[in-house]
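The values are calculated or read from the model by the stated rules, or taken from the named source; none is laboratory data. None of these values were measured; they are calculated from a predicted model. Don't worry about glycine lacking a Cβ; one is built from the backbone with ideal geometry, like all the others, and counts go over all protein chains shown. The area values use the complete protein model at the heavy-atom level, side chains included, leaving out ligands, DNA and RNA. Shrake-Rupley method; radii C 1.70, N 1.55, O 1.52, S 1.80 Å.
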Amino acid sequence: MACASCSSADGSPRGCKNNGTCGTDSCNKLTVFDWLANMQLPAGQTPFGLVEVRFKNSRKGYYQNPDNLPLKIGDLVATEAQSGHDIGQVTLTGELVRFQLKKKNIDTAEQKEKIYRIATQKDIDQWQAARDREAEVQKRAREMAIFLRLEMKISDVEFQGDGTKATFYYTAESRVDFRQLIKDMAQAFTIRIEMRQIGLRQEASRLGGVGSCGRELCCSTWLTDFRSVSTSAARYQQLSLNPQKLAGQCGKLKCCLNFELDAYRRALKHFPRTETKLHTEKGVAVCQKVDIFKGYMWYAYKGEWMNWHLLSNEQANEIIRMNKANEPVASLEEFALDLSPKTEEKVFENVVGQDSLNRFDRPKRSNNKRKKETHGTETKMQRKRMDKKQLFFAFLLAICLVSCAPSADFREDIETPNGWEIERPISFQLNDSLQSPSQLYIHLRNDASYPFSNIFLIASIKVKDSLILRDTLEYAMANPDGSWKGTGFTQVKESKLWWKTAWQSQLSPPYTFEIAQANRKNGREKAAPSLPGIVSVGLSIQTE
């Protein structure tokens, strides 16, 4: 809470841009807790003479208290400046200031500036009037910089407490000549101008904001110093190296990447290096994934990248030790952990008692027994009549199907138990004449191990070793959803593929039909020597 002397009429801190909701100039920015406030110093020991004072945003200073003013946290004081005085808020007093100076490596003897007095109401009014000018002055200064075509961004303006000086904070990628800008601003605002260049992190700390975690930026609330952050911190924590996710509001890497880095480094000391390979009699295994929190590592053999084996970091270190000692390691399966959940058989008790759970599903009994018997007799007679009608129509349907179905003059299937070799075309020989138009069909039976969704065939017809026809065919073997197009109730599916319609030959038999496969892995690779998944290849000829 802000003190009464530094609050405006609505109760929010003076100069607060968000009505006390801890935004740009929040009252709790870089606040500290004085845990020695209720402790008394030993007899004869004087309190520490320096006082910590915070000004706008994250600027703090340490001042002498020569008059031993009774200061407490939250008081507004008038402090010494290069010319005139400044107004700040006391954030820490007593022995904790000594620890702050030691933490920031500040020499106590160099802090010679002093506190003049506790701010009076006249000082507070003058300071508030100067603070009210900051937004308008910043807007005018940006317009002047744009008019002069200066490649710089004026991000903040801070007036001195007495209103005689203003400090302009800016960011720029290169050196900027702003001498003319200072002249124009000094003439327009009739104050002394100081330009101070800051980095992107310092700009974010002064302006404030909300990070991707949903909280206020660490640099604008409690972080007082900036440590260098590199992408190696993200690699140690196994984070995605996406710049958009690793960058903060300032566009640089997030400061919070360093918060847990030391813990990850200590944990990784017990893990072997991920690039270290495990040599076994079964093959060489390579690390695929690491779980630092649980101490697990996943390895896969070369060539079997889909089969991962789970090891603990102790087991991985033991295998590496055995490799260095030239001790034989049979396989990773001897060390692999099994983390599959154990399902226990559930035993259900009859909590209802002797009643059956499906007692309400039974049909209700009719009170009129005679009506029931009559209804039952009529139902039986109707069923007999329906059965006779269904049998009659089924018989007629079977006759129609048999009479309308085309007759298969020729059908032969040849099994391919070891796959369909490219150099082995499947041959069928027909000794009967085909002078009438006929339908030619190719029958393929495949199982789930077939690796393609389509198939390429080269089908040819020979008469007495003379080639009379050759076709290059392509058929789809699977649907867009991945299911096979063939028929069958097992994993083996049979596909009936159309080849020729109304084909006939005036030449005398015998006819030789050859079917060869020509599937390729991609457009540039040669055809595979053997095509797996094809169980059998067949040919059928039906006369029209």
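Determine the share of the stretch 23-126's accessible area contributed by carbon and sulfur atoms, expressed in whole percent, with a 1.4 angstrom probe.
Whole-percent figure for carbon plus sulfur exposure: 51.
Does the stretch 28-81 come out rounded, prolate or oblate by the C-alpha gyration tensor, with a ≥ b ≥ c the root eigenvalues, rounded set by a/c under 1.5 and, if not, prolate when a/b is larger than b/c and oblate if not?
Since a/c reaches 1.5 but b/c is at least a/b, the shape of the stretch 28-81 is classed as oblate.
What FRET efficiency comes out for the pair THR276/GLN542, r = Cβ-Cβ distance, R0 = 45 Å, nearest 0.05?
So the FRET efficiency works out to roughly 0.10.
For the stretch 132-169, list residues with backbone N below 16 Å from a point placed 7 Å from the Cα of VAL176 toward its Cβ?
Hits in the stretch 132-169 for VAL176 at 16 Å: 137-158, 167-169.
Mind grabbing the accessible area of SER508 for me, 1.4 Å probe, Å², rounded to tens?
Its heavy atoms expose roughly 60 Å² to the probe.
Can you pull the semi-axes for the stretch 98-216, root of five times each eigenvalue of the Cα gyration tensor, sorted largest first, whole Å?
Its equivalent ellipsoid spans semi-axes of 27, 22, 17 Å.
Enter the accessible area of ASP481 (Å², nearest 10), with the probe set to 1.4 Å and all protein chains included.
Near enough 120 Å² of accessible area.
Work out from phi, with θ = phi - 60° and the Karplus expression 6.51 cos²θ - 1.76 cosθ + 1.60, the ³J(HN,Hα) of each residue of the stretch 171-186, listed in order in whole Hz, and give x for Gly and Pro.
Per residue, the Karplus-derived 3J(HN,Hα) values read 10, 7, 7, 9, 5, 10, 8, 10, 5, 5, 5, 5, 5, 5, 6, 5 Hz.
Using protein chains only and a probe of 1.4 angstrom, how many square angstrom of CYS255 are accessible, to the nearest 10?
30
For a label point 7 angstrom out from the Cα of ALA336 toward its Cβ, which stretches of the stretch 284-303 have the backbone nitrogen within less than 11 Å?
299-301
Per 5 Å bin from zero, what fraction in whole % of the C-alpha pairs of the stretch 296-338 is there, up to the bin with the longest pair?
Pairs per bin, as whole percents: 5, 24, 30, 25, 14, 2.
Zone of ASP481 (label point 7 Å along Cα→Cβ, backbone N under 19 Å): which residues in the stretch 488-504?
Label zone hits: 488-494.
If eta is 0.890 mPa s and T is 25 °C, what Stokes-Einstein diffusion coefficient results for the stretch 198-334, Kirkwood Rh from Cα pairs, in µm²/s?
Reported coefficient: 139 µm²/s.
At 1.4 Å probe size, with the rest of the protein present, what percent of the exposed accessible area of the stretch 236-338 is carbon and sulfur atoms?
Roughly 51 percent, rounded to a whole number.
Give me Rg over Rh for the stretch 33-185, both radii from the alpha carbons and Rh done the Kirkwood way, two decimal places.
Using only Cα positions, Rg/Rh for the stretch 33-185 is 1.06.
Please name which of GLN202, GLN249, ALA233 has its Cα lying farthest along the dipole of the stretch 190-259 towards the positive end, using unit charges on Cβ (Lys, Arg +1; Asp, Glu -1) and the Cα centre as origin.
It is ALA233.
Note down, for the stretch 39-114, the three equivalent ellipsoid semi-axes (square root of 5 times each alpha carbon gyration tensor eigenvalue), biggest first, whole angstrom.
20, 14, 13
Of LYS496, LYS183, LYS254, which has the most accessible area with a 1.4 Å probe, and how do the rest follow in descending order?
Descending order: LYS183, LYS496, LYS254.
Excluding ILE458 itself, calculate the net charge of residues whose Cβ lies under 11 Å from the Cβ of ILE458, where each Lys or Arg counts +1 and each Asp or Glu counts -1.
Cβ neighbours under 11 Å give a net charge of -2.
Exactly which GluC sites (Glu not before Pro) in the stretch 259-333 are in a DSSP loop and have at most 16 other Cβ atoms within 10 Å?
GLU260, GLU275, GLU281, GLU304
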